[in-house]
Amino acid sequence: MLNWALTFLVIALIAALLGFTGVAGAAIGIAKILFYVFLILFLVSLVSHLFRGRGAS
């Protein structure tokens with residue numbers, strides 16, 4: 001998912017350089033959403049892994 005966020009960020013940067021402000025704005029919005037979803041899923045996975053590791057000991 002982080003790969004998709006980075007892909008949309010690159011698309012947004014290229015579109016901004018070429019002057020397509022509508023496309024750049026949309027791609028930046030999508031990249032932000034995907035990044036935050038990735039971050040939340042990563043944190044949930046990390047916390048669940050830490051709790052699972054302690055329960056097995």
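The values are calculated or read from the model by the stated rules, or taken from the named source; none is laboratory data. Just so you know, these numbers come straight off a predicted model, no measurement behind them. Cβ: placed from backbone, ideal geometry, glycine included. Neighbour counts: every protein chain shown. Heavy atoms of the whole protein, side chains included, go into the accessibility calculation; ligands, DNA and RNA do not. Shrake-Rupley method; radii C 1.70, N 1.55, O 1.52, S 1.80 Å.
General observations
Residues checked against (1) surrounded by 12 or more Cβ atoms within 10 Å (Cβ to Cβ); (2) at pLDDT below 90; (3) out of contact with any Asp or Glu (no Cβ under 9 Å at 6 or more places or on another chain):
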site	(1), (2), (3)
L2	yes, yes, yes
L18	no, yes, yes
T21	no, yes, yes
A24	yes, yes, yes
V37	yes, no, yes
I40	no, no, yes
S45	no, no, yes
F51	no, yes, yes
G55	no, yes, yes
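- Test result for T7, surrounded by 14 or more Cβ atoms within 10 Å (Cβ to Cβ) and at pLDDT below 90: yes
- Count of region 26-35 residues which are open to solvent by less than 70 Å² (accessible area, probe 1.4 Å) and either closer than 13 Å to L2 by Cβ or touching a Cys at 6+ places or on another chain (Cβ under 9 Å) (or both): 2
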